[in-house]
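A.B. asks: The following block contains the structure, expressed as structure tokens.
The values are calculated or read from the model by the stated rules, or taken from the named source; none is laboratory data. No experiment lies behind these values; they were computed from the predicted model shown. Cβ placement follows ideal geometry from the backbone for every residue including glycine, while neighbour counts extend to all protein chains displayed. Protein only, heavy atoms only, side chains kept; ligands, DNA and RNA dropped before computing areas. Shrake-Rupley method; radii C 1.70, N 1.55, O 1.52, S 1.80 Å.
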Amino acid sequence: MYLFRRKQHGAGYLLGIIISSIFIIFMQLPLSAGYYSPGPMTAGHENAKCEWCHKQVNGTLRQKFQANIQYLIDLRKSSVPLGYRQVVNDDCIACHKRSDDRHPVFRFFEPRYEKARKEIRPHYCVSCHKEHSGERVSITPTFCVTCHKNLKLKNDPVSIPHEELIKNKQWHSCLGCHDFHGNHKVQVTKNVKKVVSRKKIELYLMGGPNIYSNEKKEKARETPDDET
Amino acid sequence: MMKHRNFVLLSLFLSTVIVYLFVTAPPPLVTEGKVGPKIPVARVFEILNEENKIVRNMYTKDIVGNSKTSGLKYSEYWKESDVEAGPLPAQFLRATAVSLEKSKLRLGLFLGSDYPINSSNKFSGDQLERFLLLKQSGKPQFFFVKDVALYSYMFADVAVVKPCVECHNKHKDSPKTDWKLDNVMGATTWTYPEEYVTYDELVELILTLRNAFRNAYSLYIKKVSSFKVQPEIREKWPKDGYFLPSVDVFMEAINQKASSKTFNAIAQLRQNGYVANSDVISGARDTGKI
């Protein structure tokens, strides 16, 4: 009886090991990526590969363990992730290089943007473009208020002056004229009546139809390694 | 008996962990594997700023400043396809900064003022306080930006030639119209994440900055190729007429004007044992910024 139970236990352990191994191997396959992706990809990123953004830190597992222990006892300045490192701006810029970005992320590292960094974290791409959410932009479209609430133009060319729009807190209207990164070839209207409606803006940010020109100044690369 | 056994097992386990983590440790990760003398980043910023000052003065005086002789135009709208003009000095610096951002180094370069033409370049918060201190004392300001963990050095941006003053005084959006020559019109702020850099990193930073100057000037030359009547782009400079120096000639001029200064600064660093300018570092510590 005792021997029979031991054999049963052994078979159970073996079965568990086999099932776990199959599961682990399956999860490593590219076709299983969809199972552990936290949500749908942003419009245009459908064909992106996981490894384009999710990168391992260099070094062996042992080196990483050692580095973290050294960090804990103050022998090292920074810790090291054991698996994948955080997605950083460079991962986005690898495909989305912009020579004339109106709001490039790096500008927000300047000391004077401390308040903006606290409020909306504009120094990181992922603060507004949260991946796996299915949305084009994941921030409320009134974020311009953070930096532009004191905007004053001496020669305002717009039919309703910016100062008045600001006074009336019409922050949703900004994106109706201005393309945040300035990558769409578009003539900014001076007539506030022609501004894109709030509903259309929100739909666009959620991944809906383009509200700006389809013609872009600089196209995103097909892959991060694409040199064309 | 049981307690004794647990103690032996625990000791064995800990000994194995210590041997695993420290005694037979593989080489540390490359991110922390810097070797060589530590050069304080404040000194590095001073060297880079001197290079930038030389190039900025050269572009402002010799290129933009001679626009009356050359007939070449410079406009804030220079990037528009229907505008035949080149970048203004502030935009040249901005183009340099954009190029730096594209490099692998995390070197930041920014231009701002308390009275900028474009309100988005207006200083605020701690940076404004630093700028006012800079204007008052005449000394550059070294400080640490806590929330992004960046070392920062702010240098005065002085009106060196008449066109700076004239353009800022005449501009329709300028909030200040009584600028005079030699006024501190703004400041150039540098940022870098490390407190110290190695000699190799210093050289790489200088080369990266030089490359950024090249890229910024190349953008202008590329734009010129779309002009209906293009200026001759070879050895001659705008002081001689409708000419522009080629990218290589422009870079050679930078080399001649900046290299000896930069070399002397590096040599001085070595002579002094790579120590920081004590005034700068102690000043930053006193204010709790480092």
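A.B. asks: If I histogram all Cα-Cα distances within segment A:40-205 using bins 10 Å wide from 0, what percent of pairs lands in each bin?
C.D. replies: The distribution over segment A:40-205 is 8, 28, 31, 19, 9, 5, 1, given as percents.
A.B. asks: Let me ask something additional. Per the Cauchy relation, a quarter of the hull surface: what is the mean projected area of the convex hull of the alpha carbons in segment A:1-94, in nm²? Could you put the intermediate results ahead of the total?
C.D. replies: On the way: hull surface 42.3 nm².
Seen from a random direction, the Cα hull of segment A:1-94 projects 10.6 nm² on average.
A.B. asks: Next question, about the same structure. Compute and list, largest first, the equivalent-ellipsoid semi-axes of segment A:47-92 from the alpha carbon gyration tensor, each √(5λ) rounded to a whole angstrom.
C.D. replies: Numbers: eigenvalues 129, 26, 7 Å².
The answer is 25, 11, 6 Å, longest axis first.
A.B. asks: Checking an interface number: how much accessible area is buried between A and B, summed over both chains, with a 1.4 Å probe, in Å² rounded to 100?
C.D. replies: On the way: alone 17310 and 17170 Å², together 31260 Å².
For A against B, buried area totals roughly 3200 Å².
A.B. asks: To continue, here is another question. Quick one: work out Rg over Rh on the C-alpha atoms of chain B, Rh as Kirkwood radius. Could the numbers behind the result be given before it?
C.D. replies: Numbers: Rg = 24.6 Å, Rh = 21.7 Å.
We get a ratio of 1.13 for chain B.
A.B. asks: Within the set of other residues whose C-beta is less than 13 Å from the C-beta of A:Lys216, count the net charge using Lys and Arg as +1 and Asp and Glu as -1.
C.D. replies: Details: positive: A:Lys97, A:Arg98, A:Lys185, A:Lys217, A:Lys219, A:Arg221; negative: A:Asp100, A:Asp101, A:Asp179, A:Glu215, A:Glu218.
Its environment carries a net charge of +1.
A.B. asks: Any idea what % of Cα-Cα pairs in segment B:95-173 are farther than 15 Å?
C.D. replies: Details: 2061 of 3081 pairs.
Everything past 15 Å amounts to 67 percent.
A.B. asks: Please list the non-local residues whose amide H lies under 5 Å from the amide H of B:Tyr74, H modeled 1.01 Å from N, same-chain partners needing a gap of 5 or more.
C.D. replies: B:Gly86
A.B. asks: Right, here's the next one. Where in segment B:73-177 are there GluC sites (Glu not before Pro) that are in a DSSP coil and have at most 11 other Cβ atoms within 10 angstrom of their Cβ?
C.D. replies: Working: sites: B:Glu76, B:Glu80, B:Glu84, B:Glu101, B:Glu129, B:Glu166; in loops: B:Glu76, B:Glu80, B:Glu84.
Sites meeting the loop and neighbour criteria: B:Glu80.
A.B. asks: Can you send over the solvent-accessible area of B:Thr177, 1.4 Å probe, protein chains only, in Å² to the nearest 10?
C.D. replies: Roll a 1.4 Å probe over it and B:Thr177 shows about 80 Å².
A.B. asks: I've got another one for you. Which distance in Å, rounded to a whole number, links the C-alpha centroids of segment A:1-53 and segment A:132-179?
C.D. replies: Measuring centre to centre over Cα atoms gives 47 Å.
A.B. asks: Can you tell me the relative contact order of chain A? Whole percent, Cα pairs under 8 Å, sequence separation 6 or more.
C.D. replies: Working: 217 pairs, mean separation 44.4, N = 228.
Result for chain A is 19 percent.
A.B. asks: Follow-up question, since we're still on this one. Quick one: what are the phi-derived ³J(HN,Hα) couplings along segment B:50-58, Karplus 6.51/-1.76/1.60 with θ = phi - 60°, whole Hz, x for glycine and proline?
C.D. replies: Result, rounded to whole Hz: 5, 4, 5, 4, 4, 5, 5, 5, 5.
A.B. asks: Still on this structure, please answer the following. Starting from the Kirkwood Rh over alpha-carbon pairs, what translational D in µm² s⁻¹ does segment A:68-152 have by Stokes-Einstein at 4 °C and 1.567 mPa s? Each step should come with its number before you reach the end.
C.D. replies: On the way: Rh = 15.5 Å.
It diffuses with D of about 84 µm²/s by this estimate.
A.B. asks: Just the number, please: carbon plus sulfur as a percent of the accessible area of the protein assembly as shown, 1.4 Å probe, no ligands or DNA/RNA counted. Walk me through the intermediate numbers first.
C.D. replies: Details: 17750 of 31260 Å².
After summing per-atom areas, the C and S share lands at 57 percent.
A.B. asks: Still on this structure, I have one more. Take the protein assembly as shown, compute every pairwise Cα distance, and split them into 20 Å bins from 0; I just need the percent in each bin.
C.D. replies: 17, 47, 27, 7, 2, 0
A.B. asks: What is the set of long-range amide H partners of A:Ile160 at a cut-off below 5 Å, with H atoms built 1.01 Å from backbone N?
C.D. replies: Excluding prolines and chain starts, which carry no amide H, the hits are A:Val192.
A.B. asks: Show which lysines lie in cross-link reach of B:Lys73 when reach means a straight Cα distance below 22 angstrom and same-chain residues fewer than eight apart are skipped.
C.D. replies: Filter leaves B:Lys61, B:Lys162, B:Lys170, B:Lys172, B:Lys222, B:Lys223, B:Lys228, B:Lys236, B:Lys239.
A.B. asks: Could you give the C-alpha radius of gyration of segment B:133-268 expressed as a fraction of 2.2 N^0.38 Å, taking N as the number of residues it contains?
C.D. replies: This ratio for segment B:133-268 stands at 1.32.
A.B. asks: Please compute the contact order of chain B in relative form: average sequence separation of alpha-carbon pairs under 8 Å and at least six residues apart, divided by the residue count, as a percent.
C.D. replies: RCO, chain B: 25 percent.
A.B. asks: What ranking, highest mean first, results for peptides B:203-209, A:173-179 when packing means the other Cβ atoms within 10 Å averaged over each residue? Please list the in-between numbers first.
C.D. replies: Details: B:203-209: 17.7, A:173-179: 19.6.
Going by the mean number of other Cβ atoms within 10 Å, highest first, we get A:173-179, B:203-209.
A.B. asks: Report, in whole Å, the centroid distance computed from the Cα atoms of segment A:55-131 and segment B:165-196.
C.D. replies: With segment A:55-131 and segment B:165-196 each reduced to a Cα centre, they are spaced 31 Å.
A.B. asks: In Å², and per residue, what accessible area does chain A have when probed at 1.4 Å with the other protein chains present? Can you show the working numbers first?
C.D. replies: Values: 15710 Å² over 228 residues.
Per-residue accessible area for chain A comes out at 69 Å².
A.B. asks: Placing unit charges on C-beta atoms (Lys and Arg positive, Asp and Glu negative, everything else neutral), compute the dipole magnitude of the protein assembly as shown about its Cα centre in debye, rounded to 20.
C.D. replies: Numbers: 75 positive and 54 negative charges, 218 e Å.
For the protein assembly as shown, the charge dipole is close to 1040 debye.
A.B. asks: Amide H neighbours of A:Gly207 under 5 Å, at least 5 residues apart or on other chains, H built in the peptide plane: list them.
C.D. replies: Amide H neighbours of A:Gly207, under 5 Å, 5+ apart: A:Arg136, A:Val137.
A.B. asks: Next up: For chain B, the longest stretch holding no trypsin sites (Lys or Arg not before Pro) located in a DSSP loop with at most 11 other Cβ atoms within 10 Å is which? Each step should come with its number before you reach the end.
C.D. replies: Values: sites that count: B:Lys104, B:Lys172, B:Lys180, B:Lys228.
It runs B:1-103.
A.B. asks: Hey, any idea what the orientation-averaged projected area of the convex hull of segment A:119-228's Cα atoms comes to, in nm²? The partial results should precede the final answer.
C.D. replies: Numbers: hull surface 33.9 nm².
Averaged projected area of segment A:119-228's Cα convex hull equals 8.5 nm².
A.B. asks: Could you work out the relative contact order of segment A:180-228, using alpha carbon pairs under 8 angstrom and six or more residues apart, expressed as a whole percent? Show your work: numbers first, answer last.
C.D. replies: Details: 26 pairs, mean separation 22.7, N = 49.
Reported relative contact order: 46 percent.
A.B. asks: Sticking with this structure for a sec: Send over the Kirkwood Rh of segment B:24-139, from the inverse of the averaged 1/r over different Cα pairs, rounded to one decimal Å. Could the numbers behind the result be given before it?
C.D. replies: Values: mean 1/r = 0.0565 Å⁻¹.
Mean inverse Cα-Cα distance, inverted, gives 17.7 Å.
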